[in-house]
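A quick write-up on the structure given underneath.
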Amino acid sequence: MKVEGQCHCGQIAYTAEVDPAKVTICHCVDCQILSGAPYIAFVRTDRFKLLHGEVHHYVKTAESGRKRLHGLCTICGTRLYAASIEEPRTYSLRTGPLKQRGVLKPTRRNWCDSAQPWSEDLSGIAQVAKQPG
């Protein structure tokens with residue numbers, strides 16, 4: 001499935017081909033701290049194209065010991081993806097910046113030992129349709 005994404009300020013835009021069957025909720029502590037949004041879609045380098053903008057990268061060593069490349073906008077700070085250091089690179093795209101995020105329903109959950117206990121059932125939490133005036 002072709003997706004289009006951009007950072008919050010619009011400085012960075014990209015397209016990618018993702019497999020909707022591989023959309024994941026990642027409960028790892030890094031995802032909780034860095035983005036507040038645990039939804040990711042996986043895509044290979046040859047299916048990811050930066051259309052404009054410059055992505056800032058930094059490398060973080062994961063709990064597993066593997067190094068992960070993190071990409072974000074230098075202007076607004078939107079976290080766009082994490083990626084493997086090794087080639088061929090695989091990107092874990094954050095679904096929040098994707099225009100098609102509403103149709104990318106997660107099919108798997110990772111790092112469940114790190115999940116917040118309340119994330120299992122959100123049915124009892126009050127809902128507000130939009131910000132009150």
Which ones in the stretch 10-28 are over 21 Å from Cys76 (Cα atoms) and either of a type in the set (D, E, K, R) or surrounded by fewer than 17 Cβ atoms within 10 Å (Cβ to Cβ) (or both)?
Glu17, Asp19, Pro20, Ala21, Lys22
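If the requirement is being small (Gly, Ala, Ser), in contact with a Cys (Cβ under 8 Å, 6 or more places away or on another chain) and touching a residue at least 12 places away in the same chain (Cβ under 8 Å), which of these qualifies: Gly53, Gly96?
Gly53
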Of the candidates Ser123, Ser114, Ser92, Ser64, the one satisfying the condition of being farther than 24 Å from Lys2 by Cα, surrounded by 14 or more Cβ atoms within 10 Å (Cβ to Cβ) and of a type in the set (Ser, Thr, Tyr) is Ser114
Residue among Cys73, Cys31, Cys7 that alone is under 23 Å from Ser119 (Cβ atoms) and either touching an Asp or Glu at 6+ places or on another chain (Cβ under 9 Å) or surrounded by 20 or more Cβ atoms within 10 Å (Cβ to Cβ) (or both)
Cys31
Any idea which of Gly71, Gly53 is under 13 Å from Cys7 (Cβ atoms), touching a Leu at 6+ places or on another chain (Cβ under 7 Å) and either at pLDDT 90 or above or not hydrophobic (A, V, I, L, M, F, W, C) (or both)?
Gly71
Which numbered condition trips up Val59, out of (1) within 21 Å of Thr15 (Cα to Cα); (2) not in a helix (DSSP H, G or I)?
(1)
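The values are calculated or read from the model by the stated rules, or taken from the named source; none is laboratory data. Small disclaimer: the values here were computed from a predicted structure and weren't measured. Note: ideal-geometry Cβ built from the backbone for every residue, glycine included; neighbour counts use all protein chains shown.
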